[in-house]
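Notes follow the structure.
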Amino acid sequence: MERLVAPSMLSADFANLACNIEMVNKSQADWFHLDVMDGVFVPNISFGFPIVERIKSLAVKPLDVHLMIIDPDRYIERFSAVGADWLTVHYEACAHLNRTLSQIRKFGMKAGVAVNPHTPVENLIDILEYADMVLIMSVNPGFGGQGFIPNSIGRIERLSKIINSKGLQTLIEVDGGVGPNNAKQLYEAGAHVLVAGNAVFKADNPLAAIEAMKKA
């Protein structure tokens, strides 16, 4: 089973962004995770196209872009143009989710769908064939540094069983309160990709924190 780590750049030091990008480039991490927030879908604003494009210019690993925005269909082509390799939209923000995910693939990106902590993973049963990845939010989206919601483990396990029963290869990503302390439990529940922000960028040794999650 794949064990991927995607450091969340939302927790990076933006005054030293290039140095933080270089650290991730040199680390055992697999992707860069970029949280784009609009202040409407979630109560926070992060960054937009210029930052994504700048990170792409320096990154040697894929960009995993998570859109926490309303009406994401308006921006699919633009995110492809600035370098997103994976583009994840929220189940709760899309009226026509299969069309949105199909559009993401049309523009050459891998398509992801995220679900908030209160959304049953069973709601995705009829959409999984359109998704390359499902992102389980293990905190309420909008801010870094929150505590992991314990029942997320059961949600990962249930989703993994659904994916396996359908014979699909859909990846499961987990974001929120993730770090070396719970990485093993998350992988064992069925997760493939772990997003970690403060657990990496606030660690005394970020490279060692990433390595610990890879080897959990």
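All of the numbers you see were taken from the coordinates with simple rules; none came from a lab. Being a predicted model, the structure only gives us computed values, none of them experimental. For neighbour counting, all protein chains shown are included, and Cβ atoms are generated from backbone atoms with ideal geometry for every residue, glycine included.
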Whole-number Å³ per residue for the convex hull built on Cα positions in the stretch 11-122: 115
F107 versus E122: modelled label distance in nm, points set 7 Å from Cα along the beta carbon direction: 3.4
Most positive-pole-ward Cα, V36, A189, A114, against dipole of the chain from beta carbon charges: A189
Violating pairs (Cα-Cα greater than 27 angstrom) within the set K106/K184; K61/K166; K26/K202; K26/K161: K106/K184; K61/K166; K26/K161
Two-site label geometry, N164 and I51: point separation in nm, points 7 Å out along Cα→Cβ: 3.8
Charge dipole magnitude, Cβ of K and R +1, D and E -1 - the stretch 1-135, Cα centre, debye nearest 20: 360
Distribution of pairwise C-alpha distances over the stretch 95-216, 10 Å bins, in %: 13, 42, 33, 11, 0
Order of V42, V60, V113 - criterion: other Cβ atoms within 10 Å of each residue's Cβ, fewest first: V60, V42, V113
Inter-site label distance for Q146 and A18 at 7 Å from Cα along Cβ, in nm: 3.4
Span-rule helices in the chain, defined as complete DSSP H runs reaching 15 Å or more along the axis (Cα) with Kyte mean at least -1.0: 152-165
Quotient of C-alpha Rg and 2.2 N^0.38 Å, computed over the stretch 4-214: 0.94
Full-extension gain in nm, M1 to N44, via 0.36 nm per residue minus C-alpha separation: 12.0 nm
